[in-house]
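> Quick one: the structure is below, questions incoming.
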Amino acid sequence: MQIRIETGNKQHEKYASVIAKMIERAAQKKETILALRKPEFILEKITQGKSVIALDGDIVVGFCYFQNWENDTFIAHSGLIINENYLGRGLSKKIKKQIFDASREKFPKAKIFGLTTSPAVIKINHELGYQSVTYNQLTDDEDFWKGCKTCSNYPRLMEAKRKKCKCTGMLMDPGKI
């Protein structure tokens, strides 16, 4: 079967729970820094066209979404997940590139950012033009930072007054390219 990478839409609604469980399993298995997301949240990103989903037939093999912050000044790419049976096939890079292109097309002047601990994602982000930055260069939107609450390192983030954590802050500023 050939893997398809598509922009999320109504026909992908049925995968929201599967994706939420994939994120939860990855967070537990890796004991890593992943913010958990409820199926309703994933469903919203899918139906808004703010996600990319990779499928092998009916098997979800990857996912990523984006959100707008501060009146579209910032766009955050989040939730990149790959089905463990499909690792090592370059899917992360393909999904990140597609979500990057989709968000740049919809919001060409927005600064795109993300938080990650993954060396592979850091590498992909650098290839897409992101730079590692301090957290004060990212959005100030309280709702964005509330999204970190389900991460195991949230107390550390709050103790540091949202200035640092284990994640690397990364930013692509179209005004500087």
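The values are calculated or read from the model by the stated rules, or taken from the named source; none is laboratory data. Owing to the predicted nature of the structure, the values given are computational and were not obtained by experimental measurement. Here Cβ is always computed from backbone atoms with ideal geometry, including for glycine, and neighbour counts include all displayed protein chains.
> What do you reckon, is Lys93 farther than 14 Å from Met170 by Cβ, not in a loop (DSSP other than H, G, I, E, B) and not aliphatic (A, V, I, L, M)?
Yes; evaluated as a whole, the condition is true for this residue.
> Filter segment 55-80 down to residues that are touching a residue at least 40 places away in the same chain (Cβ under 8 Å), out of contact with any Ser or Thr (no Cβ under 7 Å at 6 or more places or on another chain) and not in a strand (DSSP E or B) and give me whichever is farthest from Tyr130 (Cα to Cα).
Gly57
> Give me the pairs: first residue in segment 140-162 and touching a residue at least 24 places away in the same chain (Cβ under 8 Å) and at positive phi, second residue exposed (fewer than 13 other Cβ atoms within 10 Å of the Cβ) and part of a helix (DSSP H, G or I), beta-carbon distance under 9 Å, and six or more apart or on different chains, which are they?
If the second residue must be exposed (fewer than 13 other Cβ atoms within 10 Å of the Cβ) and part of a helix (DSSP H, G or I), the pairs left are Arg162/Asn136.
> Of all residues in segment 139-164, which are of a type in the set (A, V, I, L, M, F, W, C), assigned to a loop (DSSP other than H, G, I, E, B) and at pLDDT 90 or above? Write out each step before concluding.
Just the residues of segment 139-164 that are of a type in the set (A, V, I, L, M, F, W, C), to begin with: 144-145, 148, 151, 157-158, 160.
Then keep just the ones that are assigned to a loop (DSSP other than H, G, I, E, B); that gives 151, 160.
Matches in segment 139-164: Ala160 only.
> Are any of the residues in segment 47-55 among the hydroxyl-bearing types (Ser, Thr, Tyr), closer than 23 Å to Pro119 by Cα, surrounded by 14 or more Cβ atoms within 10 Å (Cβ to Cβ) and in contact with a strand residue (DSSP E or B) (Cβ under 6 Å, 6 or more places away or on another chain)?
Taking every residue of segment 47-55 in turn, at least one turns out to be among the hydroxyl-bearing types (Ser, Thr, Tyr), closer than 23 Å to Pro119 by Cα, surrounded by 14 or more Cβ atoms within 10 Å (Cβ to Cβ) and in contact with a strand residue (DSSP E or B) (Cβ under 6 Å, 6 or more places away or on another chain).
> Looking only at residues in segment 16-54 that are charged (D, E, K, R), part of a helix (DSSP H, G or I) and under 15 Å from the mean Cα position of the chain (by Cα), which one is modelled with the lowest pLDDT?
In this case the residue turns out to be Glu24.
> One residue is enough: does segment 166-173 have a residue meeting the conditions exposed (fewer than 12 other Cβ atoms within 10 Å of the Cβ), part of a loop (DSSP other than H, G, I, E, B), of a type in the set (Lys, Arg) and in contact (Cβ under 8 Å) with a residue 24 or more places away in the chain?
The answer is no, given that none of the residues of segment 166-173 is exposed (fewer than 12 other Cβ atoms within 10 Å of the Cβ), part of a loop (DSSP other than H, G, I, E, B), of a type in the set (Lys, Arg) and in contact (Cβ under 8 Å) with a residue 24 or more places away in the chain.
> Here is a further query. Out of Ile112, Ile99, which single residue is touching a Ser or Thr at 6+ places or on another chain (Cβ under 9 Å), crowded, with 21+ Cβ neighbours inside 10 Å and part of a helix (DSSP H, G or I)?
On inspection, the qualifying residue turns out to be Ile99.
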